[in-house]
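These notes concern the structure reproduced below.
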Amino acid sequence: MSSISVQAEPILSVRDLKKHFGGKKTWSGAVSKTIRAVDGVTFTIYEGETFGLVGESGCGKTTLGRCIARALDPTGGEVVYAPKEGGAVDLASLKPRDLRPYRQDVQMIFQDPISSLNPRMTLLDIIGEPMVVNGLARGEEVKHRVGDLLERVGLRAEYMVRYPHAFSGGQRQRIGIARALALNPRVIVCDEPVSALDVSVQAQILNLLQDLQAEKNLTYLFIAHDLGVVEYLCDRVAVMYVGQVVELAETSDLFARPLHPYTEALMSAVPPANPRAARAPRLLEGDLANAANLPPGCHFHPRCGYCVERCRTEEPELREYSPGRFVRCHRAGELKLDGVAELAEADL
Amino acid sequence: MNHDRHILLEIDELKTHYHTPQGVVKAVEGASLKIREGQAVGVVGESGCGKSVMLRSILRIVPQPGKIAAGTIRFRRKNGEMADLTAMDSNGRAIRDIRGGEIAMIFQEPMSSLSPVHTIGDQIVEAIQLHKRVPAAKAREMTIEILAKVAMPRPDQIIDQYPHEISGGMRQRAMIAMALSCEPRLLIADEPTTALDVTTQAQILALMRRLQAEFGMAILFVTHDLGVVAQMTEYVVVMYMGQVVESAPVDDIFFAPRHPYTHALLHSIPRLGQRSAGQRLEPIRGTVPDPFARPSGCPFHTRCRFNDGQRCVSELPALREVGPDHQARCHYAETLGLSGVAAPLERVSA
Ligand SMILES: Nc1ncnc2c1ncn2[C@@H]1O[C@H](COP(=O)(O)OP(=O)(O)OP(=O)(O)O)[C@@H](O)[C@H]1O
Ligand SMILES: Nc1ncnc2c1ncn2[C@@H]1O[C@H](COP(=O)(O)OP(=O)(O)O)[C@@H](O)[C@H]1O
Ligand code: SF4
Ligand code: SF4
Ligand SMILES: [Mg+2]
Ligand SMILES: [Mg+2]
């Protein structure tokens, strides 16, 4: 877990990124409602860091990750990437042909290691094909590289002739990691890479991701909903609520002193893994707001225990509360919110 | 501590096997546990260790080609008599009266108990009328009441909706409402919140706790979330390869574990509030052995740090008393001096 050094350079600058679904005329002439899955996200990821993204199911984490890796075309905004050789390119606006040289630099690892691997391809094809397609290796050399990668992620080189079904969930996630590494990427979008895995296997995969990062100076965008994992692994964390970032901070600051009521609610909902801490969480009632029909004012206001009149009508902006700390709440700073320590203390 | 309460369910040396073309899978291979009236018992262990098969054995809903091969499951009926569920015909009247009426089960995926083609209300009304002789109008009234009890928003409207029209958290509530409609004395919950967001999970757990207090029902709770175990259960059963390897009050499991597997599980999981610089997780070494090739001796020996290379590989340890209300299945349980998890904050342990 590398704490980002002061001189770390931005590698990805996401500016007002948007992805809207629907809103198109259907054959009958009716217009479907626009779903604002990602609705104006801005943040910067520094080289070598692990940047966490948390939030409830459906809040837009995967959509955002896929837009950044250009597995989806954004509706608007920029994803400014700093290539190794210098300069800056906006991945969001490049035409597919111009995107080619950068695409291999940003790879993805998926939550579901079963459905993300083609069952009819051997590991050699799964991991080797992108190398061939991108002209990184040919013939025998592909085999060598695939073998090396398999060993690096804790599998045997001989396994390259086998098909994915012959492997356990944890092993399949290792295959997914080897595939992502095949093109020597600089950034990996990890979309819930351990959520589908057994607890004991989670630890092995998290350790592997940490080792690879240290070895190859990788940058991770780490999407997760397990706050324990995020706290353990990430340098900085962004909290998302219906398509927007509502808080962004260094991990230790965020967990010690959240500034947004939603962050506090998320942390309080995690049952403490200590039987002597008998706490009643502050329950967040209701469900995530509907991205096709957002409430006016602050999108969180119908569920917020600190809501005041202003929140119902005026939408808060994401503002820099203190250097490096961003929050989208009218009352940030004025509220005294509980961090993990106070939440545990409240248990007594 | 709970000895004043009657035993509600007692599983003794249960064996449930699957006869497959590749060989016999000993999914449950000698599991024993006790649940007292009103007690919340947690079951933990890696996937494939037999948790679900054990729970399904209780209700006699083990799918083909699974069969209970040995052991007893004794359950205290409403009239106080202890009945052996393994001796019942799995389609007979007796077990059908118990299912839903005295023991209810909820699952990770609510759609495994809800039908997509019937309204929430029709399904709960049917469940009520299966076990209670009440007219339809009365059953509908009871359904609205139970939906309100599980904190379903707008119960008088939701009752006429179909499962796909409501959110995942609401479906989970509907499934719980259906399970509770006949006031079971034992609720079996197989990872009921694993698929939910933490926010929804918190709502469902609070609900289960409240209902447990209100109805005085016992809960047998399978989960892999240590936070859920800590907050929801009084007593914990740890399983490995179809056997119970440790069972103890929840406080002992966290702070004074006796089995190396329990210890390893506790230390392999990141826990909120535990971050410290340069820390690394300690994964459990290796992987769960192939179910067709059970290791000799202690089944955990292939992954155990304390394997002595002799007794551990040749002799199966017995599940034995290692402390008050505390059992472990390890030759060296008393002498290993395993550390529990430290309390997350000093103040908490005060
Ligand atoms: N192809 C699509 N068409 C229409 N709506 C979509 C599409 N993909 C995603 N959405 C919607 O966009 C929103 C965000 O979805 P997304 O998958 O990004 O959420 P998420 O935060 O990754 O959730 P989870 O934690 O469940 O993975 C949701 O409302 C979802 O229903
Ligand atoms: N229908 C089946 N046929 C064959 N083996 C099965 C079947 N169902 C479960 N098993 C095996 O039984 C063992 C225990 O499974 P299960 O109880 O589902 O585990 P858990 O719930 O602890 O994850 C596993 O080895 C599993 O592969
Ligand atoms: S702006 Fe108002 S409603 Fe929104 S989070 Fe802040 S206090 Fe709550
Ligand atoms: S009996 Fe031996 S191998 Fe088994 S848990 Fe105890 S020390 Fe480890
Ligand atoms: Mg997602
Ligand atoms: Mg299971």
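The values are calculated or read from the model by the stated rules, or taken from the named source; none is laboratory data. All of these numbers come straight from a predicted model, not from anything done at the bench. Heads up, the Cβs are rebuilt from the backbone with ideal geometry, glycines too, and the neighbour counts pull from every protein chain shown.
If you go through the stretch A:200-232 and pick out every residue that is outside any helix (DSSP H, G or I) and more than 7 Å from chain B (Cβ to nearest Cβ), you end up with 9.
Each row is one residue, and each column tells you yes or no for (1) crowded, with 23+ Cβ neighbours inside 10 Å; (2) over 30 Å from B:ASN79 (Cα atoms).
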site: B:ALA206; (1), (2): no, yes
site: B:GLY216; (1), (2): no, no
site: B:LEU220; (1), (2): yes, no
site: B:LEU226; (1), (2): yes, yes
site: B:GLU234; (1), (2): no, no
site: B:VAL245; (1), (2): yes, yes
site: B:PHE255; (1), (2): no, yes
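Checked against the criterion of being more than 16 Å from ligand 4 (Cβ to nearest atom) and modelled with pLDDT of 95 or more, the candidates A:TYR46, A:TYR102 yield just one match: A:TYR46.
If only residues of the stretch A:96-119 that are assigned to a loop (DSSP other than H, G, I, E, B) and of a type in the set (A, V, I, L, M) are counted, the one that is nearest to A:TYR163 (Cα to Cα) is A:LEU117. Would you point out the residue of the stretch A:189-232, among those that are within 16 Å of ligand 6 (Cβ to nearest atom) and hydrophobic (A, V, I, L, M, F, W, C), that is surrounded by the most Cβ atoms within 10 Å (Cβ to Cβ)? If we take residues in the stretch A:189-232 being within 16 Å of ligand 6 (Cβ to nearest atom) and hydrophobic (A, V, I, L, M, F, W, C), then A:VAL201 is surrounded by the most Cβ atoms within 10 Å (Cβ to Cβ). Identify, from the list A:VAL237, A:VAL194, A:VAL246, the residue that is assigned to a loop (DSSP other than H, G, I, E, B) and among the β-branched types (Val, Ile, Thr). None of the others qualify; the one that does is A:VAL194.
Screening B:GLN327 on (1) surrounded by fewer than 16 Cβ atoms within 10 Å (Cβ to Cβ); (2) more than 16 Å from ligand 2 (Cβ to nearest atom) shows it passes everything except condition (1).
Residue count for the stretch A:279-310 satisfying the condition of being out of contact with any Lys or Arg (no Cβ under 8 Å at 6 or more places or on another chain) and assigned to a helix (DSSP H, G or I): 4.
With a requirement of 3 or more residues that are crowded, with 22+ Cβ neighbours inside 10 Å, more than 14 Å from chain A (Cβ to nearest Cβ) and within 16 Å of ligand 2 (Cβ to nearest atom), the strands (runs of 3 or more DSSP E) lying completely within the stretch B:1-69 that satisfy it span B:7-20, B:23-36.
Taking the condition closer than 17 Å to B:ILE188 by Cα and away from ligand 6 (no atom under 16 Å from the Cβ), does B:ARG76 pass? Considered against the rule, which asks whether it is closer than 17 Å to B:ILE188 by Cα and away from ligand 6 (no atom under 16 Å from the Cβ), B:ARG76 comes out as yes.
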